[in-house]
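Written out below as structure tokens is the structure these notes cover.
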Amino acid sequence: MTRRRVQGILPLLVALLVLSAMMRLGGVAEQAMATGSAPQGTAVVPGAACPDDAQLSAMLAAFRQRDADLSAREAQIADRIQALKVAQAQVDDRIAALDAAKAALEATLAVAQTAAEKDLGQLTTVYENMKPKDAAAVFEQMDPAFAAGFLGRMRPDAAAAVMAGLQPDTAYAVSVILAGRNAAAPTH
């Protein structure tokens, strides 16, 4: 049970206990008036006078006022519970909408990832099918890390032909990047 629900129920229980106590107190007073003596288990104070009709009327009016106050409080609690139910339904609807948006975004990202992978695959095939000398000239202009990405995807024979056409410094830089790509990967 949530903390808010417990906080909403607690005042209702207190109100019911107070109402029960008032009803019992009213029953004791009625019994004393009907029998002319205090009920069993009630202490009688010698020399104490019974309340007169005005005092009893005042007590009865106070009890009725308290009962009305408790009824009003009960209505407020019921209204609050209803408002909490409405708010919870709105929160649930928003969570469902966010979940749907998340799923749609994940689907869009998957499509974009697939398209990017397809594009890289096609470009790699283009480089593989180029004359090694021409491909080497293009790879000379690329950043070594970028060139290493393509060479790593190419067939070994095509990559070797392109590497053979690169300047020694460029070929070395690309080789270092290719060799170190998976060096930090876990071995277990």
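The values are calculated or read from the model by the stated rules, or taken from the named source; none is laboratory data. The structure displayed is predicted, hence computed values, not measured ones. Every residue, glycine among them, receives a Cβ derived from its backbone with ideal geometry; neighbour counts consider all protein chains shown.
Here is a list: Ala147, Ala179. Which entry is out of contact with any Ser or Thr (no Cβ under 9 Å at 6 or more places or on another chain), surrounded by 10 or more Cβ atoms within 10 Å (Cβ to Cβ) and either among the aliphatic types (A, V, I, L, M) or not in a helix (DSSP H, G or I) (or both)?
Ala179
Taking only pairs six or more apart or across chains, which ones have beta-carbon atoms under 8 Å, a first residue in segment 58-82 that is over 17 Å from Val18 (Cβ atoms), and a second residue that is surrounded by 12 or more Cβ atoms within 10 Å (Cβ to Cβ)?
Cβ pairs passing all conditions: Arg80/Gly8; Ile81/Gly8.
Does at least one position in segment 56-71 carry a residue that is in a helix (DSSP H, G or I), surrounded by 12 or more Cβ atoms within 10 Å (Cβ to Cβ), of a type in the set (Lys, Arg) and touching a Pro at 6+ places or on another chain (Cβ under 9 Å)?
no
Give the residue, chosen from Leu105, Leu166, that is modelled with pLDDT of 90 or more and either touching a helix residue (DSSP H, G or I) at 6+ places or on another chain (Cβ under 7 Å) or buried (at least 17 other Cβ atoms within 10 Å of the Cβ) (or both).
Answer to the check: Leu166.
Determine if segment 147-155 includes at least one residue that is closer than 19 Å to Gln122 by Cβ, among the charged types (D, E, K, R) and out of contact with any Asp or Glu (no Cβ under 8 Å at 6 or more places or on another chain).
Yes, some residue in segment 147-155 is closer than 19 Å to Gln122 by Cβ, among the charged types (D, E, K, R) and out of contact with any Asp or Glu (no Cβ under 8 Å at 6 or more places or on another chain).
Looking at segment 126-138, I want the residues that are within 12 Å of Ala164 (Cα to Cα) and have a partner that is at pLDDT below 90 with Cβ atoms under 7 Å, at least 6 apart or on another chain. Which pairs are those?
Ala135/Tyr127
Any idea how many residues of segment 111-144 are surrounded by 14 or more Cβ atoms within 10 Å (Cβ to Cβ) and not in a helix (DSSP H, G or I)?
2
Only one of (1) over 30 Å from Leu13 (Cα atoms); (2) surrounded by 10 or more Cβ atoms within 10 Å (Cβ to Cβ) fails for Ile77. Which number is that?
So the condition that Ile77 fails would be (1).
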